[in-house]
Amino acid sequence: MSASTGTRPVEVHLVGAGPGDPGLFTVAGAALVARADVIVYDYLANPALLEGAKPSAERLYVGKRGFSAHVAQDEINALLVEKARELEARGGGVLVRLKGGDPFVFGRGGEEALALADAGIACSVVPGVTSGVAAPAFAGIPVTHRGLASSVAFVTGNEDPAKAETAIDWEGVARGADTLCFYMGVRNLPTVARRLMEAGRAADTPVALVRWGTMPGQEVLEGTLSNIAERARAEGFQAPAVIVVGQVAGLRARLAWYAPGPLAGTAVAVTRARTQVSGLAAQLRGLGASVLEVPAIDVVPPPSYEEADAAIARITGYRFAVFTSANGVEGFFARLGRAGLDARALACARIAAIGPATAAALAARGVRADFVPVEHRAEAVAECLVEAGLASGDWVLIPRALEARDVLPAMLRARGARVSVAPVYRTVPPALRSVEDALSRILAGEADVVTLTSSSTARNFVRLVRARLGCASDAEAVAALPAGLSFCSIGPITSDTARGLGLPVAAQADAYTAAGLVDALVRERARVARGRKAED
């Protein structure tokens, strides 16, 4: 930590992002990401780790793959110094350098720390779970095991094979440890295997390659030193992967425990509001998907609470209250509280919720919905109220979004009801800066499917793409999307909006809920997999 001329110190932290699974990120690392004003992250740092960052945090991607660098190491070093200086000029702040695995285990974190030190900038280091331990563990391979391996060595496999001399003591490595874990060595696998056998390692030594270890798309290829290179070539096995050499690799047949879910290998972009995205993302990750969060809407206060406050002032006069979203529940109860009231104020009314998520939001506030239609649409809610005895002259309260459809109020008024529409929130597109990285990844082809949970998310997604690319029209923005990108919709209204924008809707939920959306996505990806298998 270095002193600054402002009221806050400048903090610089090298943080290990772990092997990939967001659940293996350290508590200390997550706490620093949440405080960060600037985050510099690389290719092996799971983007999900950025979800805990402040919306205002500056995110800088400096990813590197294998031998081809997006940003050279010297440039990264200079960038860290530059950003620390910027924070100092601004009066202080927190800079987090997020590095895959552990910063000091083949992460070149030492070089970055020295560059900062040479510039007079101190930094702390938060260790991360290294892939040389985690990836084998997820593959069912203990790197040490009594009777088989009492020592383990971590070795770089990233040497240029064209070099005249090697920096690795191959004889020392081959004989010096029972288990060898090579990082970044897939490209040089033939050389690694040959060197180890030339140094005396037995040709029949078990070997396992673990690609994207701990991640939903984890792949494992097994063999021996004599055949693993040919097997990898035949399978088209690619980096990033850890190479595990030793008798412990043979334990996988008995200890393998991690099985990818039905969405393994599928990258899903989730467009829900930032406050709602975590539940859907967790469901998708639990099924093996890689999740890219690109919140396409922000929930903000309406321009005025005048109608809502007026409705609350005469709350005892309503026979029915209809809640059409969890956001509506939250916004209404916030205003109710400001008026000095609570759930008891609704005792006069019968309560309808458009779906189970809305009903759950009500239940969390002590209100049990009287009606939750099987079909989660405004039209179905109206039918429930009619069946419940809605009569001409009855007062109905609908706390909702400012820009919601007028279908429900119109249907109820047609029945003679007196309807109070009370806007308690509105949805707006987020600032482009807050989702720019995620959009760039989608446009680069790193997503297979985009989920759409409302018409607003569909419209705003296209607007964000349009802004990101500087397109003149929605049609131009949609045409610029990757050819293989498909969309999964929560229901028919959202699907109609998406198709009207030109988005290819590949699947639609049967039940208009987040769970229904996930089910539809699983079915769709299974259909795609069957199609690919038939082609093969």
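See the values below:
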read-out	value
More than 24 angstrom apart: percent of Cα pairs within the range 177-295	38
Three semi-axes of the equivalent ellipsoid, the range 213-361, Cα gyration tensor, whole Å, largest first	56, 15, 11
1.4 Å probe accessible area per residue over the range 216-319, in Å²	46
Accessible surface, 1.4 Å probe, highest first, among residues V133, V277	V133, V277
Loop trypsin sites (Lys or Arg not before Pro), the range 237-319, which have at most 14 other Cβ atoms in a 10 Å radius of their Cβ (DSSP)	R314
Taking all pairs of distinct alpha-carbon atoms in the range 475-531, Kirkwood radius in angstrom	11.8
Within the range 188-306: Cβ-based charge dipole about Cα centre, in debye rounded to nearest 20 (Lys, Arg +1; Asp, Glu -1)	340
Relative packing of 380-387, 351-358, 463-470, which averages over residues the other C-beta atoms within 10 Å, highest first	351-358, 380-387, 463-470
Percent of Cα pairs exceeding the 41 Å cut-off, where the set is the chain	36
DSSP bridge pairs, the chain: antiparallel proportion in percent, nearest 5	30
Accessible area (Å², 1.4 Å probe, nearest 10) - E446	70
Projected label distance in nm at A72 and A360, using a 7 Å step from Cα toward the beta-carbon	5.2
Positive-end extreme of charge dipole, the chain - chosen from A269, F333, L397 (charges on Cβ)	L397
Accessible carbon and sulfur surface of the chain relative to its total accessible area, %, 1.4 Å	52
Test item: Cα-centred dipole of the range 351-501, Lys/Arg +1 and Asp/Glu -1 on Cβ, debye	400
Range of Cα positions in the range 17-171 per principal axis (Å), largest first	56, 39, 25
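The values are calculated or read from the model by the stated rules, or taken from the named source; none is laboratory data. The shown structure was predicted, so the numbers you read here are calculated from the model rather than taken from an experiment. Virtual Cβ from ideal backbone geometry, glycine too; neighbours counted across all protein chains shown. The protein model used for the area step is the full one, side chains on, heavy atoms only, and it has no ligands, DNA or RNA in it. Shrake-Rupley method; radii C 1.70, N 1.55, O 1.52, S 1.80 Å.
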